[in-house]
Amino acid sequence: LSENQNALLAALLLGERQLLTQKDQALFRKAGLAHLMAVSGTHLSLLILPVDRGLKLSRIRRRMRLLVLMLVLFLYGCLTGWPVSLSRAVIMNAAVLWGRFLLRPADSLNALALAAFVLLAARPDCVLSIGFWLSLLASGSLIAGVRPLAGKLRRFLPFLSQKAAFIVAAPLCVQLAVLPLALSLSGEMTWIGVLVNLPASFLVQLILLAALAAIPGAMLALRGVTFLEPLARILFMPLASFLNLLETLASIVGRLPLPRIQEGFFQPLVWLFLAWLILYSCGVMTSFLQFFNQSISRCRRFWLKGQLALTAALLLFGLVHFWLQPPFTVWFLDVSQGDAILLRERGGQSVLVDGGPSGSGYRVLLPAMDALAINQIDLAIATHGHDDHLGGLIDLIEMRRVNKLAFPDGLIVKNDGLKNATAGGTIKPFSQMVKHAFPADHWQVVPSRDEGSDRLVRKALAAAQEADILVQTLRSHDTIQFSQETVMTVLFPEDQTKAAFAARWLSRPVKDGNTLSLQILAQIFDYRLLLTGDCTSEVEQALVREGTWPETDLLKVAHHGSGKTTQMPFLEQTKPQAAVITVGAYNRYGHPAQIVLDNLKAVDCMIWRTDLHGAVRWQVWPASWELSAMAGTPDEN
């Protein structure tokens, strides 16, 4: 098997996700298939059934066969490290087997209750595990919900036989039961993700069966039986095919730009609908009404009126909650040693300036987007080509979560010549950013002495080309307009034909990839936010001499607080009231430098740091603004 196939097989068989890349884990999560990697009773059933069949063929006595099966249960639990979901299945199956050993009747619902009791007694912390609740819900739904759901399916689809109805109802019932927790686990839900769980679950069963069939081939390979190697390869071919199909399915569904129900959007309404769907599908509502000996039609009318009233109240609550939110919010996300600034208009467009180092897209940006109910970034801006700014953006591009991508002018140029005549102008609205944007294959990287930056920009262009994302450049005086009250203006880099110092830098290979870092001013109502990227000391001093730096309310400190920037002439010109330093805890560069902290304190500027305060949020209203953080305030540190 290939490396990816091995990693996926380890996740499906043993629940070991560590070998999977962050990209693959994100794709399965976005496709709503992450729960398939939790080892559960399905694995155990597919293991026990063939073992039981083999023991019956060997004519071992009944009681001895039951003891062997219980031993197999114990050994498989040891092999997988006793995850919560598998422990539940082992206890349930062991209880049933022990009942058969003692010639006593066994009840599935009581066995499930016994498993829950034993797990909570032995491992009280399992109540905090998502696997515990997923396992209980899935098992309980199979025990209590399959029969009534199969009956409903036969009423709606009379051509289904009883056996076919049960085959369809079993996975559907499990999916409905685990839907709320699956939404909590992935942060979002798409209807095609719910539907794709049926073929995905079937594929997982095929993979488990193929893996069992491939065990002889694995044993032959381990023992070095070379003349039987072709047979071993043949045994592994179905397994590899099924793994490829599942991986392709997750990749396609996880990247589809479909409308998704985000956990952070109208959350009470989502939970209400899911609860109603589960109760109705599993026949609980009907059973409840019959228990009180009431007229089902009358109570259903009452239930419907109550549902409509509650839904209207929740919609009203959601609308009021929406309008109470600030019109504009800026998030300085904690991506360790890197920048990731998310600017978002209430109910409108979103711009992401940088994305942190590689892996931040999967680890930080995607969860943040899910929590904020952002399905796709309208515009991603890379201030320059270093990994701590561009790496996370590439992650989002590969996941198809970016609409358009922008680089600083001079970092990339059109293929038809070094003269870049495509930049400039006002970008408004976001949906019409095609005037100066072109497909990624129309661009090429300007060679520099910073090979790492050049290589990463080429990777970003290749990812944008694969994802069919338009690319453009930004330079001085370009504007990105959210609305009449909110405009982002590019301060640097200057047009090469207008600024002598920029032309001098671009006339030869650039030594430092930070040289062309974008400097952006965001005007939000009457307040200003200055985003300085990784501004170098030369650029900072040159713009100070030209008087380009504007006065600002909030400053994003340049280069994570490097001692070569944020000098007193710059601060005297910008006069910030507050500053945010995006920096990683215990970083090897010693950022932020003490001289930068001293300079900021000297101008009476409040300092916020992502290494101390976590993600920092700037909420802006027409007449005021407010800074807050996820892990404390400057006064507490």
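The values are calculated or read from the model by the stated rules, or taken from the named source; none is laboratory data. All figures in this text were calculated on a predicted structure; none of them were measured in a lab. We place every Cβ from the backbone using ideal geometry, glycine too, and count neighbours over all the protein chains shown. Side chains included, ligands, DNA and RNA excluded: accessible areas come from the protein's heavy atoms. Shrake-Rupley method; radii C 1.70, N 1.55, O 1.52, S 1.80 Å.
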Based on this model, can you work out whether GLN567 counts as at pLDDT 95 or above and not hydrophobic (A, V, I, L, M, F, W, C)? yes
I'd like the full set of residues that are surrounded by 14 or more Cβ atoms within 10 Å (Cβ to Cβ) and either aliphatic (A, V, I, L, M) or over 28 Å from the mean Cα position of the chain (by Cα) (or both), limited to the range 123-140. ARG123, ILE130, LEU134, LEU136, LEU137, ALA138, GLY140
I'd like the full set of residues that are open to solvent by 10 Å² or more (accessible area, probe 1.4 Å), closer than 30 Å to SER624 by Cβ and not aromatic (Phe, Trp, Tyr), limited to the range 455-497. HIS477, THR479, GLN481, SER483, GLN484, GLU485, VAL487, THR489, LEU491
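Would you point out which residue out of SER2, SER40 is surrounded by 16 or more Cβ atoms within 10 Å (Cβ to Cβ) and among the small types (Gly, Ala, Ser)? Before you say what the answer is, go through the steps one by one.
Details: SER2 fails: surrounded by 16 or more Cβ atoms within 10 Å (Cβ to Cβ).
That would be SER40, the only listed residue that is surrounded by 16 or more Cβ atoms within 10 Å (Cβ to Cβ) and among the small types (Gly, Ala, Ser).
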Taking the range 550-577 and keeping only residues that are within 23 Å of GLU626 (Cα to Cα), surrounded by fewer than 24 Cβ atoms within 10 Å (Cβ to Cβ) and of a type in the set (A, V, I, L, M, F, W, C), one is left with LEU571
Which one of these does THR80 not meet: (1) among the polar types (S, T, N, Q); (2) open to solvent by less than 40 Å² (accessible area, probe 1.4 Å); (3) under 25 Å from LEU366 (Cβ atoms)? (3)
Filtered residue count, the range 541-564, keeping only those that are within 21 Å of MET488 (Cβ to Cβ), outside any strand (DSSP E or B) and under 36 Å from the mean Cα position of the chain (by Cα): 5
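If we keep just the residues of the range 524-540 that are among the charged types (D, E, K, R) and part of a loop (DSSP other than H, G, I, E, B), which is farthest from PHE407 (Cα to Cα)? Can you show your working first?
Of the residues in the range 524-540, the ones among the charged types (D, E, K, R) are 526, 528, 534, 538, 540.
Okay, now just the ones that are also part of a loop (DSSP other than H, G, I, E, B), so 526, 534.
Details: ASP526: 27, ASP534: 14 Å.
Step by step, filter the range 524-540, then rank; the result is ASP526.
Tell me which helices (runs of 4 or more DSSP H) are completely within the range 1-74 and hold 1 or more residues being modelled with pLDDT of 85 or more and closer than 30 Å to GLY391 by Cα, or say none if there are none. Spell out the reasoning first.
Details: elements: 3-14, 22-30, 41-57.
Where helices (runs of 4 or more DSSP H) fall fully within the range 1-74 and carry at least 1 residues being modelled with pLDDT of 85 or more and closer than 30 Å to GLY391 by Cα, they are 3-14, 22-30.
Considering only residues that are among the acidic types (Asp, Glu) and more than 14 Å from the chain's Cα centre (by Cα), look in the range 355-413 and name the one that is surrounded by the most Cβ atoms within 10 Å (Cβ to Cβ).
To start, the set of residues in the range 355-413 that are among the acidic types (Asp, Glu) comprises 370, 378, 387-388, 395, 398, 409.
Retained after the next criterion (residues that are more than 14 Å from the chain's Cα centre (by Cα)): 378, 387-388, 409.
Numbers: ASP378: 21, ASP387: 20, ASP388: 24, ASP409: 28.
That would be ASP409.
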Top-ranked residue of the range 191-212 - restricted to ones that are polar (S, T, N, Q) and under 22 Å from the mean Cα position of the chain (by Cα), ranked as surrounded by the most Cβ atoms within 10 Å (Cβ to Cβ): ASN197
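This table checks each residue for (1) without any contact (Cβ under 8 Å) to a residue 24 or more places away in the chain; (2) in contact with a strand residue (DSSP E or B) (Cβ under 7 Å, 6 or more places away or on another chain); (3) within 19 Å of ILE215 (Cα to Cα).
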site: ALA10; (1), (2), (3): yes, no, yes
site: HIS43; (1), (2), (3): no, no, yes
site: LEU67; (1), (2), (3): no, no, no
site: PHE74; (1), (2), (3): yes, no, no
site: ALA94; (1), (2), (3): no, no, no
Go through the range 40-88 and give me each residue that's under 19 Å from SER139 (Cα atoms) and among the basic types (Lys, Arg). ARG88
Cβ-Cβ under 6 Å, sequence separation 6+ or interchain: first residue in the range 351-380 and more than 16 Å from THR582 (Cα to Cα) and at pLDDT below 95, partner among the basic types (Lys, Arg) and assigned to a loop (DSSP other than H, G, I, E, B). Which pairs? ASN375/ARG260; GLN376/ARG401
Give the range 524-549 a look and list any residue that's under 17 Å from THR486 (Cβ atoms) and either crowded, with 18+ Cβ neighbours inside 10 Å or modelled with pLDDT of 95 or more (or both), or say none. ILE524, TYR527, ARG528, LEU529, LEU530, LEU531
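Restricting to the range 388-406, name every residue that is among the basic types (Lys, Arg) and in a loop (DSSP other than H, G, I, E, B). Break it down stepwise before answering.
Looking only at the range 388-406, we keep the residues that are among the basic types (Lys, Arg), and these are 400-401, 404.
Once the filter is applied, which keeps residues that are among the basic types (Lys, Arg) and in a loop (DSSP other than H, G, I, E, B), the range 388-406 yields ARG400, ARG401.
Those residues that are free of Cβ contacts under 8 Å to residues at least 40 places away in the same chain and closer than 17 Å to ILE607 by Cα, I need them from the range 573-589; list them, please. Even if it seems obvious, please write down each step before you answer.
Initial filter on the range 573-589 (free of Cβ contacts under 8 Å to residues at least 40 places away in the same chain): 573, 575, 577, 579, 581, 586, 588.
Result: LYS575, GLN577, ALA579, ILE581.
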Using beta carbons and a limit of 7 Å, which pairs, at least six apart or on different chains, have the first residue in the range 230-241 and over 17 Å from VAL204 (Cβ atoms) and open to solvent by less than 60 Å² (accessible area, probe 1.4 Å) and the second one hydrophobic (A, V, I, L, M, F, W, C) and in a helix (DSSP H, G or I)? ALA232/LEU220; ALA232/ALA221; LEU235/ALA213; LEU235/ALA214; PHE236/ALA214
Within the range 578-596, which residues are buried (at least 18 other Cβ atoms within 10 Å of the Cβ), farther than 21 Å from ARG545 by Cβ and out of contact with any Phe, Trp or Tyr (no Cβ under 8 Å at 6 or more places or on another chain)? VAL583, GLY584, HIS591, PRO592, ALA593
Any residue that is at pLDDT below 95 and in contact with a Pro (Cβ under 6 Å, 6 or more places away or on another chain) - is there at least one of those in the range 570-585? no
